[in-house]
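The values are calculated or read from the model by the stated rules, or taken from the named source; none is laboratory data. From a predicted model like this one, the values you see are computed outputs, not experimental measurements. All Cβ positions, even for glycine, are placed from backbone atoms using ideal geometry, and neighbour counts span all protein chains on display.
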Amino acid sequence: MSTADNGTLSSPVDQAHPAASAAAASFAALLGKLDYLGSAETESIRQAYRFADEAHLGQLRKNGDPYITHPIAVAAQCAEWKLDAQALMAALMHDAIEDCGVTKEELVQRFGAPVAELVDGLTKLEKLEFDTREQNQAESFRKMLLAMAKDVRVILIKLADRTHNMRTMGDMPRSKWQRISSETLEIYAPIAHRLGLNFTYRELQDLAF
């Protein structure tokens, strides 16, 4: 996601950063959730992780963590929902086009069209802007999001992305926090409820207050 919403700080960093081992541990924990997938699918997820890790090389989140910890967390949430391997691969690479200069065509060549379409769909959703001052537009905006995401997996990955960003907003300026929280309450929490993700719905509501 953009620097404005997810705490990304694009700058050269020492790859011996102490938190790098935490990222590796987080990915190992993710692998531990994949017992519902086959070995070939798990290997594809490993390849997507290596690609994303290289693409985000030199990026930190504003809390000091390597940026790759965010896609890992998004993929881990998707694994909790038992999404398929393609969705987990897309979750790991969901910022690759927007933040890393990776092209959709490159993703098609390396990971296949279905995964590339998921990542591209997430990139398009991220470009949409909701004016939180226009309260009556919330339902129309939700409908537009759902219509644009032809594959429900795009919405699920986006919900996982928003949930992790909300968990890690930290000491964000109050005005920015209010905007993101309002968007979460008016757009993403209702979508989670509509999809039957009641725990995520309640968590997003709690995090937004």
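Since ASN165 meets every condition but one in (1) in a helix (DSSP H, G or I); (2) without any contact (Cβ under 8 Å) to a residue 60 or more places away in the chain; (3) surrounded by 12 or more Cβ atoms within 10 Å (Cβ to Cβ), which condition does it not meet?
(2)
Would you confirm, using the coordinates I've provided, whether GLU106 is surrounded by 14 or more Cβ atoms within 10 Å (Cβ to Cβ), under 26 Å from ALA52 (Cα atoms), acidic (Asp, Glu) and in contact with a Ser or Thr (Cβ under 8 Å, 6 or more places away or on another chain)?
Against the criterion (surrounded by 14 or more Cβ atoms within 10 Å (Cβ to Cβ), under 26 Å from ALA52 (Cα atoms), acidic (Asp, Glu) and in contact with a Ser or Thr (Cβ under 8 Å, 6 or more places away or on another chain)), GLU106 does not qualify.
Which of the residues that make up the range 51-109 are without any contact (Cβ under 8 Å) to a residue 12 or more places away in the chain and hydrophobic (A, V, I, L, M, F, W, C)?
Correct list: VAL108 only.
If we keep just the residues of the range 103-137 that are at pLDDT below 95 and among the aliphatic types (A, V, I, L, M), which is farthest from the chain's Cα centre (by Cα)?
LEU128
Matching residues to (1) crowded, with 21+ Cβ neighbours inside 10 Å; (2) touching a helix residue (DSSP H, G or I) at 6+ places or on another chain (Cβ under 8 Å); (3) outside any helix (DSSP H, G or I):
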residue	(1), (2), (3)
TYR36	no, no, yes
GLU43	no, no, no
CYS78	yes, yes, no
ARG110	no, yes, no
GLU129	no, no, yes
LYS143	no, no, no
